[in-house]
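Chemist: I have a structure I would like to understand better, so I am pasting it below and will then ask my questions one at a time.
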Amino acid sequence: PRMPQRVGNRALADPKVWQTIEVAVGYASDVAQVTQILCDAAAATPRVLKDPGPSAYLANFGADGLEFTLVVWIADPGAGLLSLKSQINVRILDGLRQAGVDIPYPQRVVHMK
């Protein structure tokens, strides 16, 4: 009789998962500066892995500003994702404010007849 072969689940051995955070800034913002602020904010967050490290991309030209996507890798998704995103977002907000980067809010025009 043939013996069953052992099947291993390699995914469980390496629980790394990635998360994204979307951030919009004003059109006059320096793309390289914003990218650095986003990556620095993520790197300063203890749960974010150093390898692979965080990366940020100019993802879209939005209606209200330049839209960036920050990608971070973590090894402990069971510890909660909302708290992680909150920690990173607080650091991003502080970094953008300290650098004087405009954080747009949607503006709408209402025409009265």
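Every read-out reported here was derived from the displayed coordinates using simple, explicitly stated rules and does not represent laboratory data. Nothing here was measured: the structure is a model prediction, and the numbers come from that model. Because the Cβ atoms are built from the backbone with ideal geometry, glycine has one as well, and the counts that use them run over all protein chains shown.
Chemist: Could you give the angle, 0 to 90 degrees to the nearest 10, between helix 82-98's Cα long axis and the longest principal axis of the Cα atoms of the chain?
Modeler: Roughly 40 degrees, rounded to the nearest 10.
Chemist: Another question, if that's okay. If we count every other residue with Cβ under 12 angstrom of TYR27's Cβ, Lys/Arg +1 and Asp/Glu -1, where does the sum land?
Modeler: -4
Chemist: Which listed residue (PRO77, GLN36, THR20) has the Cα farthest towards the positive end of the charge dipole for the chain, taking +1 on Lys and Arg C-beta and -1 on Asp and Glu C-beta about the Cα centre?
Modeler: PRO77
Chemist: Let me ask another. Quick one: length gained pulling SER83 to THR35 fully straight, 0.36 nm per residue minus the C-alpha distance?
Modeler: Separation in residues times 0.36 nm, less the Cα-Cα distance, equals 15.1 nm.
Chemist: Also, I was wondering about something else. Relative contact order of the chain, please, whole-number percent, based on alpha carbon pairs below 8 angstrom and at least 6 residues apart.
Modeler: In percent, rounded to a whole number, it is 34.
Chemist: OK, next. Principal axes first, then extents: for the Cα atoms of the range 4-113, list largest minus smallest coordinate on each axis, whole Å, largest first.
Modeler: On the principal axes, the range 4-113 reaches 78, 35, 23 Å in Cα extent.
Chemist: Rounded to the nearest 20 debye, what is the charge dipole size of the chain about its Cα centre when +1 sits on each Lys and Arg Cβ and -1 on each Asp and Glu Cβ?
Modeler: Computed about the Cα centre, the dipole is about 560 debye.
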